[in-house]
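Step one of this worksheet: look at the structure below.
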Amino acid sequence: MTGIEIFKLLPKKNCKECGQATCLAFAMALAAAKTSLDKCPYASDACKETLGGAAAPPIKLVKIGAGDKVREMGDETIIFRHDKSFVHPTCYAIEIDDNACNDAAIDAINGLVFERVGQTVSVDAFALKNASGDAATFAAAAKAIATKGKFAIVLMADNADVIEAALKECAAEKPLVYAATEQNWGQMAELAKKYEVPLAVKGHDLNSTSDLVEQVAKVYTDLVIDTGAQGLSQQIAELTQVRRLAVKKKYRPFGYPSMAVADTDDAQYNVVLATGYTSKYASLVVLKACEKSQILPLLSWRMNLYTDPQKPSQVVPDIYSIGDTSPDSPVFCTTNFSLTYYSVEGELSSAKVPLYMIAAPTDGTSVLTAYAAGKFTADNVAAFMKEIDLENKVATRTIVIPGYVAVMKGALEEKSGWKVVVAPSEASGLRAFTKANFA
Ligand code: SF4
C-alpha cells in the first residue's frame with residue numbers, strides 16, 4: 001500500500017505518540033517499512049486488520065529449538081542475494097532413526113561443529129524419524145536427544161499419537177513437528193497449538209500445499225511448508241515458486257519458511273541435494289549424512305551464500321601473535337580479508353613457529369584484488385607498519401609478504417627500511433616455508 005492509502009486508514013489525531021510528527025509522516029514511514037503499526041495506540045481494529053496484513057513480512061519468522069539451541073527461519077524479503085542480503089541461513093537437520101538413536105549416534109551429530117574463517121559453524125537440528133512405528137521407542141529417543149543433544153529437534157512421524165508421546169518428553173525444546181498432511185492436519189494442528197511448537201505442513205504439490213496451509217492457518221500459524229516435491233529439479237522448481245509467490249505477490253499461504261527432505265539413502269548425494277536446496281530456497285533441509293567430510297563443504301557453501309555481499313568479511317587491521325611470540329619473532333603480512341587471513345593463519349599455526357601476522361587494511365579484499373585496486377601497495381603497507389608501531393614491537397627488521405605481490409618487494413624495502421622476504425603464493429606452501437626459514 002502507498003503512504004496515502006495507509007494515511008486514509010489512520011486516526012488523524014496528529015498526537016505524535018508514535019514518534020512521528022504527524023499521522024501522514026507515520027503513514028509514509030509505515031509504507032517504507034521503517035516503523036510498525038503497533039506504535040500507534042489509536043489505530044482501530046479495522047485499520048489493524050487491513051494494515052496488519054499489508055505490513056506483515058512476506059515470509060513469517062519461525063523459530064525451532066529453545067535456549068541456546070534456538071534457530072530462526074524465514075523473514076526473508078528478497079529473491080536474489082545481490083538485491084540486499086539473505087537473513088537466516090538454511091538450517092540443517094540430520095536424520096536419525098528412533099530405533100538407532102543411541103549415545104554414539106547422538107554424539108556423532110553433536111560433533112558436527114567446525115571452526116571456519118574465525119567462526120563456529122554447525123548443523124542445527126536432529127531430525128528424529130519414527131522408523132520403528134512405535135510410540136514408546138520414539139518418545140524415548142526424543143527424550144534422549146532432548147537430554148544429550150546440542151541442537152534443536154524435528155519430530156518426524158505421520159501419527160499424531162506418536163508425535164504427542166514424544167512431545168510429552170521434549171516439548172520444552174520447542175521441536176518442529178513434521179508433518180501435518182491432508183490425512184492428519186486437524187490433530188497435528190491441535191497438538192502444535194497445545195504444546196506451542198512449530199508445525200510443518202506437507203502437501204503433494206503446490207496447489208494441495210496452498211489449500212492445506214490455508215486450512216491449518218485457521219487453527220495455528222507457526223508453520224513451515226513442505227510442498228512434498230521429489231528429486232532435485234522438482235524440489236528446486238517448487239521452492240523457487242513458493243519464494244517468488246511469497247515475496248513478489250505476497251501470496252499469504254506461502255508466507256512461511258520452506259523446507260525440503262533429501263529423499264535418497266546415498267549420503268554424498270544427500271549433500272548434493274542439500275546444496276541445491278540451500279541455494280534455492282529452503283529454510284530447513286533434512287538430510288542423511290553425518291560424516292564431517294560430508295557436512296563441512298555444505299556448511300562452507302551456506303556461509304558463502306549467507307555472507308552479506310554489501311559487507312566484506314574482514315578482520316580488524318592489526319598485529320596478531322601466533323604462538324608464544326617475542327620481539328625476535330618473524331613478521332608475516334597479509335590483507336584483512338577474513339578468508340585470506342584465516343587461511344594464512346591456519347597454515348602458519350600448523351608450522352608451530354611463534355610469529356606475528358599483520359593484517360593490512362584493504363577493506364576486506366584478498367591479496368590480488370587489493371593489489372589491483374591500489375589498496376595493498378608498498379606505500380600502504382609501509383604506512384600501516386608505522387601506524388601499528390611495528391618498529392617498537394618487533395626487533396627483527398624482516399617482513400614476509402605474499403608471493404602474489406612479490407613485485408612490491410623492492411619498493412617496500414625502500415619505503416620501510418626493512419628486509420622483505422617473499423613467501424609462496426599459495427597459503428598451502430606456508431607451513432613448509434616457515435619451518436624451513438624460521439624454525
Ligand atoms: Fe497519528 Fe497514531 Fe501517530 Fe498519533 S500515534 S500521530 S494518531 S499515527
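Miscellaneous remarks
- Residue check, Asp75 acidic (Asp, Glu), farther than 27 Å from Val315 by Cβ and in contact with a helix residue (DSSP H, G or I) (Cβ under 8 Å, 6 or more places away or on another chain): no
- Subset of segment 106-165 (residues that are under 14 Å from Ala93 (Cβ atoms) and of a type outside the set (A, V, I, L, M, F, W, C)): Asn110, Ser122, Asp124, Lys129, Gly149, Lys150
- Within segment 25-63, being modelled with pLDDT of 85 or more, under 14 Å from Thr77 (Cα atoms) and surrounded by fewer than 17 Cβ atoms within 10 Å (Cβ to Cβ) holds for one residue alone: Leu61.
- Here Asp68 meets the list (1) at pLDDT 90 or above; (2) closer than 30 Å to Ser122 by Cα; (3) surrounded by 14 or more Cβ atoms within 10 Å (Cβ to Cβ) almost entirely, failing just condition (3).
- Residues satisfying the stated conditions in segment 82-103, i.e. touching a residue at least 60 places away in the same chain (Cβ under 8 Å), under 13 Å from the mean Cα position of the chain (by Cα) and over 11 Å from Phe126 (Cβ atoms): Ser85, Phe86, His88, Pro89, Thr90, Cys91
- Some residue of segment 184-201 being aliphatic (A, V, I, L, M), modelled with pLDDT of 95 or more and open to solvent by 40 Å² or more (accessible area, probe 1.4 Å): no
- Selected residue (criterion: farthest from the ligand (Cβ to nearest atom)) from residues of segment 1-15 that are part of a helix (DSSP H, G or I) and of a type outside the set (D, E, K, R): Ile4
- Enumerated strands (runs of 3 or more DSSP E) restricted to segment 16-131, each holding at least 1 residues that are among the acidic types (Asp, Glu): 71-73, 91-97, 113-116
- Filtered by the rule that a residue be part of a helix (DSSP H, G or I) and surrounded by fewer than 24 Cβ atoms within 10 Å (Cβ to Cβ), segment 158-183 gives Ala160, Asp161, Val162, Glu164, Ala165, Leu167, Lys168, Glu169, Ala171, Ala172.
- Search result, residues across segment 359-404 that are β-branched (Val, Ile, Thr), surrounded by fewer than 22 Cβ atoms within 10 Å (Cβ to Cβ) and outside any loop (DSSP other than H, G, I, E, B): Thr369, Thr398
- In the set (1) in contact with a Lys or Arg (Cβ under 9 Å, 6 or more places away or on another chain); (2) open to solvent by less than 80 Å² (accessible area, probe 1.4 Å); (3) more than 7 Å from the ligand (Cβ to nearest atom); (4) free of Cβ contacts under 8 Å to residues at least 24 places away in the same chain, Gln20 fails one condition alone, (3).
- Residue check, Val123 under 16 Å from the mean Cα position of the chain (by Cα), open to solvent by 10 Å² or more (accessible area, probe 1.4 Å) and within 27 Å of Tyr342 (Cβ to Cβ): no
- Residue count, segment 357-374 (criterion: more than 30 Å from the chain's Cα centre (by Cα) and closer than 19 Å to Glu413 by Cα): 2
- Those residues of segment 132-145 which are open to solvent by 50 Å² or more (accessible area, probe 1.4 Å), farther than 23 Å from Lys63 by Cβ and not acidic (Asp, Glu), in sequence order: Gly133, Ala136, Ala140
- Residue match in segment 338-358 (condition: in a helix (DSSP H, G or I) and touching a Cys at 6+ places or on another chain (Cβ under 7 Å)): no
- The listed residue being within 28 Å of the chain's Cα centre (by Cα), acidic (Asp, Glu) and at pLDDT 95 or above, out of Asp308, Asp318: Asp318
- Within segment 405-424, tally of residues that are under 17 Å from Met357 (Cβ atoms), outside any helix (DSSP H, G or I) and either among the β-branched types (Val, Ile, Thr) or open to solvent by 20 Å² or more (accessible area, probe 1.4 Å) (or both): 4
- Counted residues, segment 73-88 - those being open to solvent by less than 60 Å² (accessible area, probe 1.4 Å) and within 13 Å of Met303 (Cα to Cα): 3
- Extreme residue, farthest from the chain's Cα centre (by Cα), among residues of segment 425-439 that are farther than 19 Å from Ser326 by Cβ and open to solvent by 60 Å² or more (accessible area, probe 1.4 Å): Ala436
- Filter result (hydrophobic (A, V, I, L, M, F, W, C) and free of Cβ contacts under 8 Å to residues at least 60 places away in the same chain) within segment 309-354: Val316, Ile322, Phe337
The values are calculated or read from the model by the stated rules, or taken from the named source; none is laboratory data. Computed from a prediction, not measured in an experiment: that's the story for all the values here. Every residue, glycine as well, gets a Cβ built from its backbone with ideal geometry; the counts of neighbours run over all protein chains shown. Heavy atoms of the whole protein, side chains included, go into the accessibility calculation; ligands, DNA and RNA do not. Shrake-Rupley method; radii C 1.70, N 1.55, O 1.52, S 1.80 Å.
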